[in-house]
Amino acid sequence: LNFDLPWTSFGRLRPLHTNAVIFAFGGCALFASSFYSVQRTCQTQLFAPKVAAFCFWGWQLVILLAAISLPLGYTSSKEYAELEWP
């Protein structure tokens, strides 16, 4: 079913799915909730919206690089910590 392609095997797609749920979905939820709740509880706007946007889009770049590197086999082989960091 994986067409004999190594990057579509279960051993490479499972870490991708696990890290996507934890870091992509969970990380974006944390970003959004913290940006929203800080503004609501302090009753003010963010000090530097461009820095907040930079943090958000930088995190999206990390998630994109993870989605590319994990199926290629670049992992640290640790459960729930497979991403390689420079």
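Just so you know, all these numbers are worked out from the coordinates, no wet-lab data involved. All values reported here derive from a predicted model rather than from experimental measurement. Don't worry about glycine lacking a Cβ; one is built from the backbone with ideal geometry, like all the others, and counts go over all protein chains shown.
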Run the numbers on region 6-72 and let me know its relative contact order in percent, using alpha-carbon pairs under 8 Å that are six or more apart. 59 percent
Low-density loop cleavage sites - GluC sites (Glu not before Pro) in region 12-86, where at most 13 other Cβ are within 10 Å (DSSP): GLU79, GLU84
Quote the FRET efficiency, to the nearest 0.05, computed for LEU5 versus SER76 with a Förster distance R0 of 22 Å and r equal to the Cβ-Cβ distance. 0.45
Would you mind classifying region 6-72 by shape? Square roots of the alpha carbon gyration tensor eigenvalues, ordered a ≥ b ≥ c; an a/c under 1.5 is rounded, otherwise it is prolate if a/b is larger than b/c and oblate if not. oblate
Nearest 500 deg cm²/dmol is fine: what mean residue ellipticity at 222 nm does the chain get from its DSSP H runs of n ≥ 4 alone, each adding -39,500 (n - 2.57), divided by its residue count? -20000 deg cm²/dmol
